[in-house]
Amino acid sequence: MLTVDGVERRVDVDGDTPVLWVLRDVLGMTGTKFGCGLGLCGACTVHVDGVATRSCITTVESVSGAKVDTIESLAGTRAGAALQKAWLDLDVVQCGYCQSGQLMSAAALLAQNPAPSDADIDAAMSGNICRCGTYLRIRAGIKHAAAALGATSMKEPA
């Protein structure tokens, strides 16, 4: 059994099958993207028990009993809705291919740190590659979402 976006699902795959391919090919959930297949680009990021995880290198057997959340359920969370609105308000997206992974990593960051500094954002997002180079807009979007979520101060390095 695999719990995806709050729904228990039975999947008939080998235990060493990457979660990415279970989501896309078995469950038809194509929001999570394939990028590099090595866990280096971040396009395939999902949450496993709230932790940003590269689904292309995570086996389905390793998430047995865990809660897997995908981009398809992100808008149902307070942070996810704020991030998606910020992305739209600030025109963060250029081509858009990496953005599901960017949003999932950003949501995991805000769940851990509701008022991230630039350094916090850079550290949390460092494994997510954007070929269009929208890193400054991504950072601005995360700060915008944090402010919308009620973070009263943005920590900046001294």
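The values are calculated or read from the model by the stated rules, or taken from the named source; none is laboratory data. Predicted model only: the values in this text are computed from it and were never measured. Note that we place each Cβ from the backbone using ideal geometry, even for glycine, and neighbour counts take in every protein chain shown.
State which residue is surrounded by the most Cβ atoms within 10 Å (Cβ to Cβ) when the search covers only the stretch 56-77 and only residues that are part of a loop (DSSP other than H, G, I, E, B) and among the small types (Gly, Ala, Ser). Looking at residues that are part of a loop (DSSP other than H, G, I, E, B) and among the small types (Gly, Ala, Ser), I get Ala66.
Scanning the stretch 15-55 for residues that are touching a Gly at 6+ places or on another chain (Cβ under 8 Å) and of a type in the set (D, E, K, R), which turns out surrounded by the fewest Cβ atoms within 10 Å (Cβ to Cβ)? Per the criteria, the residue is Lys33. Whenever a residue of the stretch 141-158 is at negative phi, its partners that are polar (S, T, N, Q) and modelled with pLDDT of 55 or more, lying with C-beta atoms within less than 7 angstrom and at least six residues away or across chains, give the pairs Met154/Ser117; Lys155/Ser117; Glu156/Ser117; Pro157/Ser117.
Step by step: first the residues of the stretch 100-123, then only those that are surrounded by 14 or more Cβ atoms within 10 Å (Cβ to Cβ) and free of Cβ contacts under 8 Å to residues at least 24 places away in the same chain, then the one that is nearest to the chain's Cα centre (by Cα). Which residue is that? Before the answer, list the steps.
So the first thing to find is which residues in the stretch 100-123 are surrounded by 14 or more Cβ atoms within 10 Å (Cβ to Cβ), and the list is 100-111, 113-118, 120-121.
Among the residues that remain, those that are also free of Cβ contacts under 8 Å to residues at least 24 places away in the same chain are: 113, 121.
Values: Asn113: 15, Ile121: 13 Å.
Applying the filter and picking the extreme gives Ile121.
Note on the stretch 15-34: residues that are touching a strand residue (DSSP E or B) at 6+ places or on another chain (Cβ under 9 Å) and either of a type in the set (Phe, Trp, Tyr) or more than 16 Å from Asp69 (Cβ to Cβ) (or both) total 5.
Based on this model, can you work out whether Val68 counts as in contact (Cβ under 8 Å) with a residue 40 or more places away in the chain and within 10 Å of the chain's Cα centre (by Cα)?
No; evaluated as a whole, the condition is false for this residue.
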